[in-house]
Amino acid sequence: MIVLDRRLQAWRMVCAETAAELRDLASPIDRDPYDMNPHLEREVFSRIRQWSTPCPYGEPFRIGSWTFRADSALEWVIAVTELSRGDASSLLACPMPDVAGLIVDLLGTEEQRHLFYSRIADGRTWTFFAMSEPDLGSNATSMETRIKDGQLYGVKRYIGNGARGRIGVVFGRTGPHLLSVRATLVDVPAPGWTAESLDMIGLRGACLAEIRLGGVPVIDLLGEHLTATRRGLWAAIKVFHNMRIQVAAMAMGTSAGILDHVRAHRPQAPGLSHVQAANEACQDLVWQAAAGLDAGTERGHRSSVVKLLATRQAMRTARWAAKALGPASLLEHPLLEKWTRDVAGFEFMDGTSNIQRLHIARTFLNGRMPGGMS
């Protein structure tokens, strides 16, 4: 069980206070996630950018004598949990380094990192991470996007901020083998680049899009200074482990927000204490997985387990809340109706539940999971 020390308790409290501002943005962003100009100067977005930008490209956040930086998985997952308790969709709408920043930090040279972080320093520039493809999802081993003669060719789909992002990472392959999967830093607009927004029901702040690559020039290939085994595919797997835990944190934060809403409107709702206990137990597993990342002990299976459990728990909480607040609850409580749409989206971020089950089963059968065959 994760027991937060005084430092992390203070951090959690600040994040919880900030989450209230995100909740104020939930409805307007859900109505029109592309109309962000009225919101971009809000202090909540400035704080989130500060928290997610590593030094030396941003200032560390301080609470008294304590310093908080973006390089601790547990600190960031605590923040994501509390901020999603305000509204996960509004968090996803914030212009920040996001997943592309993780890849650039892992694979980029100093010049590439400087380009990336200077490009988003205005607080009005979104980033994108283009891995998923129409028929293959995020299965990097079967990727069809090609890097040929210094240009990108292919189609990427379900890309967060793909139509409004201005700098990000696109994955493609230079050949048939696994080590040919490479990450490229793309600054748009660029020749051969077209992007189209996709219709969304939940988590609309993510602004998913389809990107078509018709000969986009590859200017910055990431990881050229690294060995072949430490380039594209290695970085993608490492980032996916991180992102699954973050998605689980968003699911648990949303689940906690739904519980708060029910408690405020029906304090004696049947099953409330049971749902709260289940949420707290699941949240602890998510935080343990984040601590494992910091300790270097996370090998992938735990991130799959917590994403599977957290997304399921969030769905259960939403269904329980709709029953607890009565037959017309989704009409009488617009925020609950929105969150009910949002929780259904977590399963499809960074691998569906069935994909996570496959990861877990393979790990167990290969003897790499506690309790598995050695």
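If the condition is being closer than 19 Å to Ala281 by Cα and not in a helix (DSSP H, G or I), then the range 42-76 contributes no residue at all.
Within the range 270-294, the set of residues being in contact (Cβ under 8 Å) with a residue 40 or more places away in the chain, part of a helix (DSSP H, G or I) and more than 18 Å from the chain's Cα centre (by Cα) comprises Leu272, Val275, Asp284. Across the range 339-358, the number of residues qualifying as buried (at least 20 other Cβ atoms within 10 Å of the Cβ) and either modelled with pLDDT of 80 or more or not small (Gly, Ala, Ser) (or both) comes to 10. Taken over the range 294-320, residues that are open to solvent by 70 Å² or more (accessible area, probe 1.4 Å) and farther than 17 Å from Gly367 by Cα amount to 5.
Scan the range 76-127 residue by residue and report those that are in contact with a helix residue (DSSP H, G or I) (Cβ under 6 Å, 6 or more places away or on another chain), over 19 Å from Glu59 (Cα atoms) and not hydrophobic (A, V, I, L, M, F, W, C). Thr81, Glu82, Ser84, Arg85, Gly86, Asp87, Ser89, Ser90, Thr127 - these are the residues of the range 76-127 that are in contact with a helix residue (DSSP H, G or I) (Cβ under 6 Å, 6 or more places away or on another chain), over 19 Å from Glu59 (Cα atoms) and not hydrophobic (A, V, I, L, M, F, W, C). Checked against (1) assigned to a helix (DSSP H, G or I); (2) open to solvent by 50 Å² or more (accessible area, probe 1.4 Å); (3) not hydroxyl-bearing (Ser, Thr, Tyr), Ala79 meets all criteria but (2).
Within the option set Gly162, Gly150, Gly175, Gly168, being crowded, with 17+ Cβ neighbours inside 10 Å and more than 16 Å from Val239 (Cα to Cα) holds for one residue only, Gly162. Of all the criteria given as (1) hydrophobic (A, V, I, L, M, F, W, C); (2) surrounded by 19 or more Cβ atoms within 10 Å (Cβ to Cβ); (3) out of contact with any Leu (no Cβ under 6 Å at 6 or more places or on another chain), the one not satisfied by Met1 is (2).
Cβ-Cβ distances below 8 Å connect the following pairs, each with a first residue in the range 222-246 that is under 22 Å from Leu115 (Cβ atoms) and open to solvent by less than 30 Å² (accessible area, probe 1.4 Å), a second residue that is of a type in the set (Lys, Arg) and assigned to a loop (DSSP other than H, G, I, E, B), and a separation of six or more residues or different chains: Leu222/Arg231; Gly223/Arg231.
The values are calculated or read from the model by the stated rules, or taken from the named source; none is laboratory data. Computed from a predicted model, the values in this text were never measured in an experiment. So basically every Cβ, Gly included, is an ideal-geometry build from the backbone, and we count neighbours across all protein chains shown. These area figures cover heavy atoms from the full protein model, side chains too; ligands, DNA and RNA do not enter into them. Shrake-Rupley method; radii C 1.70, N 1.55, O 1.52, S 1.80 Å.
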